[in-house]
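Have a look at the structure below, then the notes.
The values are calculated or read from the model by the stated rules, or taken from the named source; none is laboratory data. All values reported here derive from a predicted model rather than from experimental measurement. All Cβ positions, even for glycine, are placed from backbone atoms using ideal geometry, and neighbour counts span all protein chains on display. Side chains included, ligands, DNA and RNA excluded: accessible areas come from the protein's heavy atoms. Shrake-Rupley method; radii C 1.70, N 1.55, O 1.52, S 1.80 Å.
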Amino acid sequence: MWKKTLSAVLFVSALAVSTNASAEAPAPYQITPELEAAAKTEGNVVFYTATDVAVAEKLAELFKSKYPEIAVQVERAGSERVFQRIGQEYSTGIYNADVIETSDAVHFEYFKRQGWLAPMVPQEVADKWPADERDPDGNFAVYRAHLAVMAYRTDLMSEADAPKTWTDLLDPKYKGKMVKAHPGYSGTVMTSTFVLSQLLGWDFFEKLGTQEIMQVQSSTEPPKKLAQGERALEVDGNEYNVFRLIDEGKPIKIVYPDEGTPLAVGNAAVLKQSPHPNAAKLFYAFLFSLEAQQLNSDFGGLRSFHPDVKEKADRTPLSKIKVLHSDPIKLEPEIPTIKANYEKFFGT
């Protein structure tokens, strides 16, 4: 019931988006001894995130190594579940979360309109982030980015037999061999489904739905199914999970199709009703620091907009990949259609 209600509210809100006035972003802030002291007094920060739990926990460990007096409570779920949870909690006056992050940019446009976000701009974001990767009113910024990639097991499928384009996936030889995440659970796959439906049409998904695909929820899951050998080919999944599995020695290779690869951005923000406002402010600034962003790249395989982050040499640079961008303002009113078509074509 909640999910349907929120979807309806979200759709109505989308229609009103153009009427909302913008505010001026607050002045950038730095991490000061006074902020650190106040955060240590609060002693806790609650982080709702859609990033893979291993990466989120690693980031929390790094923060606690700097601030051992502050505990980090990581609450990980798929983007759509994080979105629903925050909406449900705020609609009933429950304020558990301090800092939030999902891979569906539409969510933050909605949270902003609801007035649930606390505008603040870390100095690092003001100095280093591209203008189009942060909210002009200072409500949120892109904490991470990753691609929704096709990938295959090199021990189960030769490079010659592997698909080279999205439409190659419709070949009968791949029937029963693929795994795919769900746009009703994953913000990454919601974004990629929108982008690819615009590029290839819904006819592509209707045909893909006949290929006996293993359906999972989160975009973190298809790479893990490849690693376990349950399927030879993933239709969509997080690039960063694939990077991590390749680093572990799993025989997996990414395909960047000539038509382009969808890019998903993960915004982060501090909630206005944060129960630990100083710890939240400190943790939020930490998320955009060079050391946190470098960890996200090295350990997590995530892409960063921090210009000083160094990517591993064996990864294809973003500049060498044809990237498909998504406009969250255009995506938002299409969400009911995407969910309905997906259920019709994939039966779930």
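Structural remarks
- Taking every residue in region 39-64 that is on the phi > 0 side of the Ramachandran plot and pairing it with any residue that is of a type in the set (A, V, I, L, M), at least 6 positions away or on another chain, the pairs with Cβ-Cβ distances below 8 Å are 43/70; 43/71; 43/279.
- None of 216, 179 is aliphatic (A, V, I, L, M), open to solvent by 10 Å² or more (accessible area, probe 1.4 Å) and within 27 Å of residue 343 (Cβ to Cβ) except 216.
- Filtering 109, 69 for residues that are over 21 Å from residue 331 (Cβ atoms) and open to solvent by 10 Å² or more (accessible area, probe 1.4 Å) leaves a single hit, 69.
- Residue tally, condition touching a strand residue (DSSP E or B) at 6+ places or on another chain (Cβ under 9 Å) and open to solvent by 50 Å² or more (accessible area, probe 1.4 Å), over region 133-145: 1
- Of all residues making up region 304-348, the number that are acidic (Asp, Glu), part of a loop (DSSP other than H, G, I, E, B) and surrounded by 15 or more Cβ atoms within 10 Å (Cβ to Cβ): 1
- Against the criterion of being assigned to a loop (DSSP other than H, G, I, E, B) and of a type outside the set (S, T, N, Q), residue 212 qualifies.
- Residue among 249, 260, 237 that alone is farther than 28 Å from residue 120 by Cβ and in contact with a Pro (Cβ under 6 Å, 6 or more places away or on another chain): 237
- Subset of region 215-252 [over 14 Å from residue 177 (Cα atoms), in contact with a Leu (Cβ under 9 Å, 6 or more places away or on another chain), aliphatic (A, V, I, L, M) and part of a helix (DSSP H, G or I)]: 242, 245
- Search result, residues across region 117-133 that are farther than 19 Å from residue 31 by Cα and touching a helix residue (DSSP H, G or I) at 6+ places or on another chain (Cβ under 6 Å): 117
- Within region 134-169, being among the β-branched types (Val, Ile, Thr) and within 14 Å of the chain's Cα centre (by Cα) holds for 142, 149.
- Subset of region 182-213 that is hydroxyl-bearing (Ser, Thr, Tyr) and within 17 Å of the chain's Cα centre (by Cα) - its residue that is most open to solvent (accessible area, probe 1.4 Å): 185
- Residue check for residue 128: buried (at least 16 other Cβ atoms within 10 Å of the Cβ) and of a type in the set (Lys, Arg): yes
- Among the numbered conditions (1) within 25 Å of residue 70 (Cα to Cα); (2) surrounded by fewer than 24 Cβ atoms within 10 Å (Cβ to Cβ), the only one that residue 225 does not meet is (1).
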